[in-house]
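The values are calculated or read from the model by the stated rules, or taken from the named source; none is laboratory data. Note that the structure is a prediction, hence the values are computed from the model and not measured. All Cβ positions, glycine included, derive from the backbone under ideal geometry; neighbour counts span all protein chains shown. Protein only, heavy atoms only, side chains kept; ligands, DNA and RNA dropped before computing areas. Shrake-Rupley method; radii C 1.70, N 1.55, O 1.52, S 1.80 Å.
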Amino acid sequence: MIAVSAHDVAEGKLCFPENFLFGVATAAYQVEGAWNVSGKGESIWDSYTHNHPERIFDHKTGDVAADSYHLFKEDVRLMVELGVQFYRFSISWSRILPNGLINHINEDGIRYYHEVMDELIRNNIQPMVTMYHWDLPQYLQELGGWTNPIVSDYFVDYARLLFQNYGSKVSAWLTFNEPLSFCENGYGGSDAPGRLESSGIEDYLCGHNVLRAHGKVYRMYQTEFQTQFSTKIGITFHFSWRAPSSQSADDITAAETARQFATGWFAHPIFSKTGDYPPIMRKRIDSISKIQGFSRSRLPYFTPDEIEMIRGSADFLGLNHYTTYLVSKNTKTISPKPSYADDMGGIKSQKASWPTSNSTWVKVVPWGFRLALNWIKREYDNPPVIVTENGVPLEKGLLDTRRIEYIKEYLKSMHTAITKDNCNVYGYTHWSLIDNFEWTRGYSERFGLYEVDFDSPNKTRTPRLSSEYYARISRTKCL
Ligand code: GBH
């Protein structure tokens, strides 16, 4: 039931439950800077931006970014201004374990995140921590990165260290941010480590090892820490809604298959009753692999024990949602070269009439949010969901009325999903607190409620109009 005050109803306001959580998010590589200070090791994004400047817009790097390593107290002050209840940020693995391995702990890294958490807690803001937001220690990449099964075990060592150090301070843990994105775009596209030609092989190995790593961390926490702490552990998925591009049976099926290949790939093994990969992924990849002359499926198989270990290994589902795509059936014949896109069998597009943002991929399609939330509810028996990212990239400038519009329309859609459809959503995180390094798009896309002047020596933060708007929502819980 939604607890809405009589006063707000009279005003005709849309309100969220009183205990609904509003927060803001960032990620380590995108804001921290300080890439090589005080014993931090190199991550794949450090080496990628340094060795492949041509793959990054304007040859930018995250070497300094918004300098949150030094300016985190200023960031917390902004969050106090916003009145948010929590801050979702990520820990840089190589700041804590310079080469990713547990034998060498960097004390400055441990200290830094303690200070960030202490500052948040002092200000009544709960720390929600992502363990892995794409910045793998470079040394582990030299071992093959996420295509090497041993990296799952190294991740467990790293996670244990985090629980030991921060277990009593963190209010919610997320193991991974968007495995779909970093497996597909890192091991089959142009995000770090930039394995451009590996789609259909390395992306699936990455996914397999990430799912194992996630499951192992959850079980390790249960056996080693659950008597001590009761913090919930989840994982964040990227889920743009995928709508059929026509009402033909082929396109409807193609859109559903695309959802299973995107969200289902990682959500089905963890959140479905049966566990394991979505049956349609298994079926398509097994059969296409055979046609292409492979002697085994390019999608690896879990053992029965692994299926059980991974099934049910999350207390809540983190959802990143920005936009919507249309999907139509791919009628071309399968290419001999493996690829995720061929395996999925759909062609993605967006409608020219959808309102645009400052990025090629984010079109403003609020109704897709409600449908995505309902799909999760249906597929996985209405798990607790927290929206861990939602936001819109715009150009520089403080008068961001389009961001206000975007937030309003997306929150309305989410409100309908909660109140009319009973989707079990208990919190919302705006991406982002501040402008930051947008991966291969450099600093060309601005997502911040606060603008960052990246040319100024002290990376000046200035409130945008949307920050006042969001502050009102996070304080009143009403639109
Ligand atoms: C999130 O990923 C990330 O978690 C966050 O770090 C990032 O800052 C935020 O989005 C905003 O970008 O050009 O059509 O091929 C979003 C997932 C996957 C979205 C790759 C853009 C490229 C689409 N991203 N995708 S396209």
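Structure values in brief
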item: So L394, is it among the aliphatic types (A, V, I, L, M) and within 28 Å of S190 (Cβ to Cβ); result: yes
item: Lone unmet requirement of (1) away from the ligand (no atom under 13 Å from the Cβ); (2) part of a helix (DSSP H, G or I) for E184; result: (1)
item: Residue within segment 233-240 that is out of contact with any Cys (no Cβ under 9 Å at 6 or more places or on another chain), open to solvent by 10 Å² or more (accessible area, probe 1.4 Å) and in a helix (DSSP H, G or I) present; result: no
item: Output for segment 103-133, where each listed residue is farther than 23 Å from T231 by Cα and out of contact with any Gly (no Cβ under 6 Å at 6 or more places or on another chain); result: N103, H104, I105, E107
item: Among residues of segment 195-221, those that are within 14 Å of the ligand (Cβ to nearest atom) and either of a type in the set (S, T, Y) or open to solvent by less than 10 Å² (accessible area, probe 1.4 Å) (or both), counted; result: 2
item: Test set (1) in contact with a Lys or Arg (Cβ under 7 Å, 6 or more places away or on another chain); (2) outside any helix (DSSP H, G or I); (3) of a type in the set (S, T, Y) - T61 fails condition number; result: (1)
item: Single residue of segment 72-101 satisfying the filter (crowded, with 24+ Cβ neighbours inside 10 Å and among the basic types (K, R)) that is nearest to Y139 (Cα to Cα); result: R95
item: Matching entry among E18, E54 (being more than 16 Å from the ligand (Cβ to nearest atom), over 21 Å from T130 (Cα atoms) and in a loop (DSSP other than H, G, I, E, B)); result: E18
item: Residue ranges of strands (runs of 3 or more DSSP E) in segment 342-454 with at least 2 members within 16 Å of the ligand (Cβ to nearest atom) and farther than 17 Å from F237 by Cα; result: 346-349, 450-452
item: Selection count, segment 156-174, where residues are away from the ligand (no atom under 14 Å from the Cβ) and under 16 Å from the mean Cα position of the chain (by Cα); result: 2
item: Members of segment 104-136 found to be of a type in the set (D, E) and either within 16 Å of the ligand (Cβ to nearest atom) or in contact (Cβ under 8 Å) with a residue 60 or more places away in the chain (or both), listed by number; result: E107, D108, D135
item: Selection within segment 153-162 - over 10 Å from M131 (Cβ atoms) and out of contact with any Leu (no Cβ under 9 Å at 6 or more places or on another chain); result: D153, V156, R160
item: Criterion: assigned to a helix (DSSP H, G or I), at pLDDT 95 or above and surrounded by 20 or more Cβ atoms within 10 Å (Cβ to Cβ) - qualifying residue of L140, L161; result: L140
item: Options Y410, Y450: the member that is farther than 24 Å from P383 by Cα and touching a Pro at 6+ places or on another chain (Cβ under 7 Å); result: Y450
item: Residue count for segment 119-141, restricted to those that are within 19 Å of N99 (Cα to Cα) and more than 19 Å from the chain's Cα centre (by Cα); result: 4
